[in-house]
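The values are calculated or read from the model by the stated rules, or taken from the named source; none is laboratory data. In this text, all values refer to a predicted model and were calculated from it rather than measured experimentally. As a convention, Cβ positions derive from the backbone with ideal geometry for all residues, glycine included, and neighbour counts pool all protein chains shown.
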Amino acid sequence: MLTIEWSATEGWQAPLIKPFGNMSLHPACSSLHYGVQLFEGLKAYRGDDNRLRLFRPMLNMNRMSKSARRACLPPSLGVKKPGHALLYVILCQAGSYFNNEAEALSLWADPKYTRAWEGGTGDCKMGGNYGCSLLAQYEAVDYGCQQVLWLYGEDHQITEAGTMNIFLHWINEIGEEELATPPLDGIILPGVTRQSILELTRKWDEFQVTERYLTMSQLCSALKQQRVREMFGSGTACMICPIGHIVYQGENLHIPCQDKNTQLTSRIAKELTDIQYGRIHSDWTFLV
Ligand SMILES: *Cc1c(COP(=O)(O)O)cnc(C)c1O
């Protein structure tokens with residue numbers, strides 16, 4: 001095998017020809033060159049009682065199984081079963097959880113890049129979905145934003161923010177208070193946090209909670225008419241993250257973030273962390 005290492009400080013090194021020995025990941029494996037691979041991400045939370053809890057781990061396991069079927073990896077439903085597969089788990093210390101003082105996110109929205117498409121793999125956690133999103137992510141940073149707001153279709157549907165699901169809390173077109181997130185139509189990753197927020201807020205029964213399409217033009221007119229209350233992203237990494245600005249078609253759209261004390265974002269974050277850290281009992285946690 002010929003190898004050439006590269007590093008930011010030293011650049012390309014001299015090529016080396018050497019046997020590849022007994023690496024556990026064969027350099028010719030299809031995970032590396034065809035991207036036949038998938039991943040999952042979940043956290044264990046050390047509670048106030050010092051015990052460790054997983055948050056709804058079966059949802060991750062079911063999603064992993066779905067991604068595996070899409071990638072023709074075991075457990076697969078037939079077709080061409082691979083001869084070998086490697087499942088590995090990496091444990092790392094995650095950063096601090098929801099930071100109430102965190103600055104709201106800025107997003108860059110340009111329809112020239114598409115994260116996922118109908119008939120594709122956007123609803124699975126497959127590696128190929130992420131590598132191809134990096135160029136757009138770098139471009140967002142060039143525009144002074146932190147993440148990409150992924151749009152879809154001619155009507156510029158709002159789909160996801162970076163690798164987070166997205167929620168809009170607003171007064172909708174027919175004057176109802178609504179918490180809305182795009183439906184799981186194949187291009188949205190079915191987030192565990194997304195599902196939990198939907199179930200939690202539906203249980204409150206205080207406003208409409210809807211899975212529906214949201215377009216940039218609907219958002220822009222709602223902003224003009226001051227019908228937007230808050231927008232936020234959700235995912236295991238950040239849990240819930242308020243959105244402050246969207247750069248779209250040369251305009252910097254300001255998204256209101258309600259007062260910290262009335263924020264829906266803070267209220268949801270508190271309810272979820274109370275569960276995750278064992279402050280309130282819930283069958284959503286799993287002691288380990
Ligand atoms: C992982 C992920 C999410 C969030 O899913 P959670 O299960 O809530 O962590 C959202 N969007 C994308 C594209 C993701 O990869």
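In table form, for the structure just shown:
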{"quantity": "Filter result (more than 16 Å from the ligand (Cβ to nearest atom), under 22 Å from LEU151 (Cβ atoms) and either at pLDDT below 95 or not hydrophobic (A, V, I, L, M, F, W, C) (or both)) within segment 169-198", "calculated": "HIS169, ASN172, GLU173, GLU178"}
{"quantity": "Residue in segment 27-61 that is nearest to the chain's Cα centre (by Cα), counting only those that are away from the ligand (no atom under 16 Å from the Cβ), closer than 27 Å to CYS72 by Cβ and outside any helix (DSSP H, G or I)", "calculated": "VAL36"}
{"quantity": "Within segment 199-238, tally of residues that are charged (D, E, K, R) and either within 16 Å of the ligand (Cβ to nearest atom) or buried (at least 17 other Cβ atoms within 10 Å of the Cβ) (or both)", "calculated": "5"}
{"quantity": "Some residue of segment 189-196 being under 12 Å from ARG115 (Cβ atoms), crowded, with 21+ Cβ neighbours inside 10 Å and among the polar types (S, T, N, Q)", "calculated": "no"}
{"quantity": "Some residue of segment 250-269 being farther than 30 Å from MET58 by Cα, outside any loop (DSSP other than H, G, I, E, B), in contact (Cβ under 8 Å) with a residue 40 or more places away in the chain and not β-branched (Val, Ile, Thr)", "calculated": "no"}
{"quantity": "Subset of segment 112-160 [more than 12 Å from the ligand (Cβ to nearest atom), part of a loop (DSSP other than H, G, I, E, B) and of a type in the set (Ser, Thr, Tyr)]", "calculated": "TYR113, THR114, TYR143"}
{"quantity": "Meets criteria (within 15 Å of the ligand (Cβ to nearest atom), among the polar types (S, T, N, Q) and touching a Gly at 6+ places or on another chain (Cβ under 7 Å)) for THR163", "calculated": "yes"}
